[in-house]
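Accompanying notes for the structure given below.
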């Protein structure tokens, strides 16, 4: 279990580093930057292995029916979004590489390519990844561990969730401002997923100490929400009074 979760967190951190470090973009192999090779080959495969390890561990536990859903429902939806995640990653890989070799920004080829390089591939990848992890957490609801997690295990899981959440937030989940980029819709999606998770645990009186994946996911989603809110507060404080009202109005109109 811990192995699979750590693989997810470490790969997200690797993705953040490769995305932020110029030298990974500057080093080219077969006319493709090293960062893009890492994104299309290394990260998806390792994260796939991590998900498989987690699911195998969950299904090996005794089943205690809590949520009135068949396991196949969560697995099918998880596989569906896993597929879409790979589609989004592949789309982004191809369009990003092509954009390096398109000269000028006025051609039709450039604008068509940007449709795939921009929000379409990003939303497919980001949202699908979140939903795969979320449905894995839902699957675990009916499979609590036999005993409570140790304090060390809980700390590791929370740190892994924070690493995943903060790396995602820093690398891809928000731009420098609230309006634009991917901030607004992703913030809403993460908030909804966090509230659903919290609502399930409150409704059924469940204990996170027997749900390692849900503990990890709660830390992950919570860290993203806190990062979003903190970021917007910092932006708000740096604005002039007139622009603050306009900024708040845009947030409330979301």
Compute the angle between helix 151-168 and the longest alpha-carbon principal axis of the chain, please, reported from 0 to 90 degrees and rounded to the nearest 10. 20
Expected sort for 184, 30, 246 with the fewest Cβ neighbours (10 Å cutoff) up front is 30, 246, 184
Between the helical axis of 71-100 and the dominant principal axis of the chain, each derived from Cα atoms, what acute angle in degrees is found, rounded to the nearest 10? 20
Report which label in [x] 19.6; [y] 18.6; [z] 20.2 holds the value of Kirkwood radius over Cα pairs in Å derived from the coordinates of this structure. [x]
Can you put 154, 1 in order of Cβ neighbours within 10 angstrom, beginning with the fewest? 154, 1
Helix 2-20: angle to the longest alpha-carbon principal axis of the chain, degrees 0 to 90, nearest 10? 10
C-alpha center-to-center spacing [segment 80-113, segment 8-73] in angstrom: 20
Using the 10 angstrom Cβ neighbour count as an exposure proxy, how do 129, 105, 89, 73 rank, fewest first? 105, 73, 89, 129
Value of [θ]222 nm, deg cm²/dmol, for the chain, DSSP H segments ≥ 4, -39500 (n - 2.57) each, nearest 500: -24000 deg cm²/dmol
Sorted peptide list for 163-169, 235-241, 47-53, criterion being average Cβ within 10 angstrom, highest first: 163-169, 47-53, 235-241
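Read-outs throughout are calculated quantities, based only on the coordinates presented, and are distinct from any laboratory measurement. None of the values given here were measured: they were computed from a predicted structure. Note: ideal-geometry Cβ built from the backbone for every residue, glycine included; neighbour counts use all protein chains shown.
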